[in-house]
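Structure, as structure tokens:
The values are calculated or read from the model by the stated rules, or taken from the named source; none is laboratory data. Bear in mind that the values here come from a model prediction, so they are computed numbers and not experimental data. Reconstructed Cβ throughout: ideal geometry from the backbone, glycine too, with neighbour counts over all protein chains shown. Just so you know, the surface numbers come from the protein's heavy atoms only, side chains and all, with ligands and any DNA or RNA stripped out. Shrake-Rupley method; radii C 1.70, N 1.55, O 1.52, S 1.80 Å.
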Amino acid sequence: MISDGVVEDEEKWLSAGIAGLQQNAFHMHRALDSNNLKDALKYSAQMLSELRTSRLSPHKYYELYMRAFDELRKLEIFFKEETSRGCSIVELYELVQHAGNILPRLYLLCTVGSVYIKSKEAPAKDVLKDLVEMCRGIQHPLRGLFLRSYLSQVSRDKLPDIGSEYEGDADTVMDAVEFVLQNFTEMNKLWVRMQHQGPAREKDKRGKERGELRDLVGKNLHVLSQIEGVDLEMYKETVLPRVLEQVVNCKDELAQYYLMDCIIQVFPDEYHLQTLETLLSACPQLQSSVDVETVLSRLMERLSNYAASGSEVLPEFFQVEAFAKLNNSIGKVIEAQENMPIAGVVTLYASLLTFTLQVHPDRLDYIDQILGACVKKLSGREKLNDSKATKQIVALLSAPLEKYKDIDTALNLSNYPRIMECLNDGTHKEMANVIVQNILKNKTCISTAEKVDALFELIKGLIRDLDGDTHDELDADFIEEQNSVARLIQILHSDDPEEMLKVIETVRKHILTGGRKRLPYTVPPLIFSSLKLVRRLEKQEESVSGDEASTTPKKIFQLVTQTIEALTSIPVPELALGLYLQCAEAANDCDLEPVAYEFFTQAYILYEEEITDSKTQVTSIHLIIGTLQRMHVFGVENRDALTHKATGYSAKLLKKPDQCRAVYACSHLFWLDDHDSIRDEERVLLCLKRALRIANAVQQMANATRGSSGSALLFIEILNKYLYFYEKGVSQITVESIQDLIKLIRNEMQGDASPSDPAADAFLASTLRYIQFQKDKGGAVGDKYMLITD
Amino acid sequence: MNFIVGAFKPACHISVTFSDGKNRKQIPIKKDNGQATTVPLFHSQDNITGTITVEPVSGKKVEHNGIKVELLGQIEMYFDKGNFYDFTSLVRELDVPGEIYERKTFQFEFSTVEMPYETYNGVNVRLSYVENVLGYRYVLKVTISRGYGGSITHFQDFVVWNYTPPPSINNSIKMEVGIEDCLHIEFEYNKSKYAILTQLYFTSPFETKLNCTSCCLLGQRLIAMLILNWNADLSRYHLKDVIIGKIYFLLVRIKIKNMDLEIRRRESTGSGSNTHVETETLAKFELMDGAPVRGESIPIRLFLSPYELTPTCRNINNKFSVKYYLNLVLVDEEDRRYFKQQEITIYRIGETQ
């Protein structure tokens, strides 16, 4: 409310100021038009008196100032004409100083001074010196800043710079620099003073207002950087020390931060590099509240970019020992600013690291050194919880990864894991994620168990629950993370099987600590990785048989068994079952019958004891059947036992259609195309007949419960099985039985009670089309089909 | 002096022409009736020569007991208006008693006239401070004495300026201590001959005037301490001079809003218990805007030429003095004024100097 009033009042004052200004400007214009110098001076002074107000905020004052500025341009042109009409510029220079009020007087003086320099009747340096000196009369910060900004504005193209038309004697550049420096110094003093004047309760407001004015001060540095004559030598000897002196001595947080940043931004990189020591030595002297870490970070960022601009500049860095200086200075700054937030410290080190990676990519010792210093600072504290700091740490740790694209390098840095130790759980996890992503992105191959161990130690945030991290829900992030870990496990690879086994063992050791939440994600890739090794071994054995390798499939299978057992503690039986079956298949390929049998046993046990959900049972039984069908390693007995069990399970499924489908699937267990030993026609037929019976039962049940028969879909499916085995030459499947079946299906589908089922219609149609197709094809199969008539 | 007597029309017309009048510089003045006119400029030791023309109104004759011209230096005290005190009086007889029928011219000459004082016109003349203002002029008075009907007189004003060398400096410069000042210390600064630094202790204008010792004992508040570093000899400036200097703030304990430099003129007339003092501010020149901090130095550059100054006059014929003062005023945020006053001597130098 109050501030609203203030804003309103300010608007009022501003418009009053503008009105006064315009009115006097009008009179001034008339005086200018009639070449009336006296009136022109009078009205311009009155016009400029509007700038004497103390009521406006910097923002509004600027608006007023800009209007006055425009008018002064016109006045300047008039002064110039006046001198060409014969009025002495020296007289004019005196005349404007008769004004009684200081602010208008000095604005006019600067305006005439500009003409004076252009006239070249006096050396530019003398006029400038006089102007900058006279401006001391304005001690009011806001008005002083704007006046001096005006001076800076009108003088910037008139400095006695080398090559400028106002160039003076030998020391000409010095004069130009001296002028700008002095103006800068005074402006900065005024700017800083602003903070300390006025009531304490408006301190924040003043800080904000000062922020709006900072560019007026910073502009001077920009002007300095534009002076042609400021070469490295002069920058080193005069400009930088003087500017820094002012920065350090002003003891103002805002000014120090802004000006340091300004220096870094406006002057060229090579200057910074050559004056690194001077620049850096100022940093520890800044106020402790100054965000010096950002300043230094920006500097290092600039230097990094400079280094990246081309390899030809790198020798400069080596020559000035940039790393040592920066490192040293950072140490000092951290020491000097005791209460620097840890985020700041980390930011500094992160920037230094970026710089080092850019300039000395080959010096891992430097990098380790930086990390070491960081660890020193971090250790002995509580784990980091400051979000800014953790963000910076992540940046710090990610930088080497991004640069080298190789986790190997990071694993060589002894201090890397130590920093990870200092992170809180969340960040640790985040960082671990970054590492994993990096590996995945770069497809880094990690091939020794030792490295894997180190790596998993590094990313333990992902591998196991850390203290206090006990939430149970599986959110998307967690799943994403674990999938990443799974991918990571997949890409671990060593050409040497022995080493690979060690790698697997190491991974296993780590992932088994992961708890129930993680195991379902981490175990499968490990199992597959192991099985991959098994298959590789098997191939090798074929080529180099007789080699007494310590790494045998058996050993791996033992390991695998133990690993899968870990899953049993978690209710994910279907997953374990799947894995067992995969293992069994692998064992089958290795001709290890007992092992395969054992795996099947485990799978059956799981099926019997753990898998109770009927839907899961259905998928599981199909898995079992599918796997078992492909097994060729079993002897008759074992196979019988297993197939018997499988058919048994099938018949005991809850839903009749499921039963039916499982049973007819079982028929395949007794007929393998490429195995003569497994061709039991009778049992194939038995299965199919049983399936038919069940399908009938389904229809009857449907009739009983709903009054209409169900779909004929099951019959058609069974028909297809019939056709399959018929085609394969199972003699028990007769043409008649097929024809009966087709008739049966037609009856079912034409029955009054049967609902129309488009899927069944289409299925039947395509089945019949297939029969027709086979007939048309001719040959042995075609002949067989020709027998089927309907 | 009533030179137009009663309802009589003047019987003749008198005019004065200076022989080198065309070459003389003309100085604008204001006459008694407020009209502006220009009169010729003379200096001390000048020869004042010319012709006086008496022209009777057509057809009339002027009978007289003699015609004379007087050169008068007069002081007019305004509390005693109309009474002139003549400090210089020279007379030349122009004609013996007789009659004038037609236009007649007379030559006159005052050679190497001593005119030690400059013409001075108190600025307040046109204001109502009648009892306290003064004027001070040189005039040529032409008198035609007549037996009856009173004498016919004619006044011709002219201006006297005296160029003087810079007055000698009194090394033990007495600072004119403002009434509120309680202490000042003077000392010579460095080897520089003219730079004199003065520490000033300003006191609040509301506090009782105390002598310096007691001030310090009473713990008078020291509100600001500054060094004035004037140009040249601190106390003397010519009329077209520039006051150049610097003010160093050694200590600031008040919130200063601005600082002005004023030029004040003090006219004092009479003597003893009859002394009348009139002070006016001729110039108010803002030196600084805003509050300085310790260590700031503020430049001073004040051109004297735009102001209507006259040379300093000290005790002219025990009748009056005109003195000039520089007054440094600090105004704080509550509009309290703190000031420091110091006399300066103003003198006139020749145009070519």
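Using C-alpha pairs below 8 Å separated by at least 6 residues, the relative contact order for chain A is 4 percent. Would you mind checking the pairs A:Lys645/A:Lys775; A:Lys251/B:Lys284; A:Lys652/A:Lys721 and listing those with alpha carbons more than 30 angstrom apart? The answer is A:Lys645/A:Lys775; A:Lys251/B:Lys284.
Which lysines, if any, have their Cα less than 17 Å from the Cα of A:Lys80, not counting same-chain residues under 8 positions apart? Result set, ordered by chain and number: A:Lys38, A:Lys118, A:Lys120, A:Lys158.
Our summary gives segment A:668-790 a relative contact order of 22 percent, counting only alpha carbon pairs under 8 angstrom and 6 or more residues apart. Think of a 1.4 Å ball rolled over the protein heavy atoms: segment A:580-652 then has 44 Å² of accessible area per residue. Straight-line reach from B:Lys68: taking Cα to Cα under 23 Å and skipping same-chain neighbours fewer than 8 places apart, the lysines in range are B:Lys9, B:Lys60, B:Lys104, B:Lys141.
Other residues with beta-carbon under 14 Å from the beta-carbon of A:Val507 carry, at +1 per Lys or Arg and -1 per Asp or Glu, a net charge of +4. Here segment A:112-261 has 46 percent of its accessible surface on carbon and sulfur atoms, given a 1.4 Å probe and all protein chains in place. Only protein atoms count toward the accessible area here, which uses a 1.4 Å probe; on segment A:35-97, the carbon and sulfur part of that area reaches 49 percent. Within the set A:Lys429/A:Lys502; A:Lys205/A:Lys391; A:Lys429/A:Lys451; A:Lys129/A:Lys219; A:Lys205/A:Lys388, which residue pairs have Cα atoms separated by over 22 Å? Checking Cα-Cα distances, A:Lys429/A:Lys502; A:Lys205/A:Lys391; A:Lys205/A:Lys388 exceed 22 Å.
In this structure segment A:665-790 gives 52 Å² per residue of accessible area when probed at 1.4 Å with all protein chains present.
Its relative contact order, with pairs defined as Cα atoms under 8 Å and 6+ residues apart, puts segment A:148-224 at 32 percent. Each of B:Asn258, A:Trp191, A:Tyr521 was scored by the projection of its Cα onto the charge dipole of the protein assembly as shown, and the greatest displacement toward the positive side belongs to B:Asn258; charges sit on the C-beta of Lys, Arg, Asp and Glu. Summing Lys and Arg as +1 and Asp and Glu as -1 over all other residues whose Cβ lies under 13 Å from the Cβ of A:Lys652 gives a net charge of +2. In chain A, a dipole from Cβ-located charges (positive for Lys and Arg, negative for Asp and Glu) runs towards its positive end, and of A:Tyr416, A:Gln319, A:Met701 it is A:Met701 whose Cα lies farthest in that direction. The charge dipole of the protein assembly as shown, taken about the Cα centre with unit charges on the Cβ atoms of Lys, Arg (+1) and Asp, Glu (-1), comes to about 4160 debye, rounded to the nearest 20. When its C-alpha radius of gyration is set against 2.2 N^0.38 Å (N residues), the protein assembly as shown gives a value of 1.74.
Net charge in the neighbourhood of A:Gln246 (other residues with Cβ under 12 Å of its Cβ; Lys, Arg +1, Asp, Glu -1) is 0. Comparing A:Phe456, A:Val618, A:Ile504 along the charge dipole axis of chain A, the residue lying farthest to the positive side is A:Val618, per the Cβ-charge model.
Note on A:Lys12: aspartates and glutamates with a C-alpha under 16 Å away, same-chain residues under 8 apart excluded, are A:Asp4, A:Glu50, A:Glu63.
Extension gain, A:Asp408 to A:Glu421, is 2.8 nm, computed as 0.36 nm per intervening residue step minus the present C-alpha separation. If R0 equals 22 Å, the separation of the Cβ atoms of A:Glu498 and A:Cys445 corresponds to a calculated FRET efficiency of about 0.85.
Annotation: for a label point projected 7 angstrom from Cα along Cα→Cβ of A:Ala780, residues of segment A:712-738 with backbone N closer than 15 Å are A:726-731. Take each residue in A:96-108, count the other chain C-beta atoms within 10 Å of its C-beta, and the mean is 4. Buried accessible surface for the A/B pair, both sides summed and rounded to the nearest 100, is 1800 Å² with a 1.4 Å probe. Normalised per residue, the accessible area of segment A:306-441 is 43 Å², obtained with a 1.4 Å probe and no contribution from ligands, DNA or RNA. Using a probe radius of 1.4 angstrom, the carbon and sulfur fraction of the accessible surface of segment B:232-295 is 45%.
Dipole magnitude for segment A:204-361: about 420 debye, using +1 per Lys or Arg Cβ and -1 per Asp or Glu Cβ, origin at the Cα centre.
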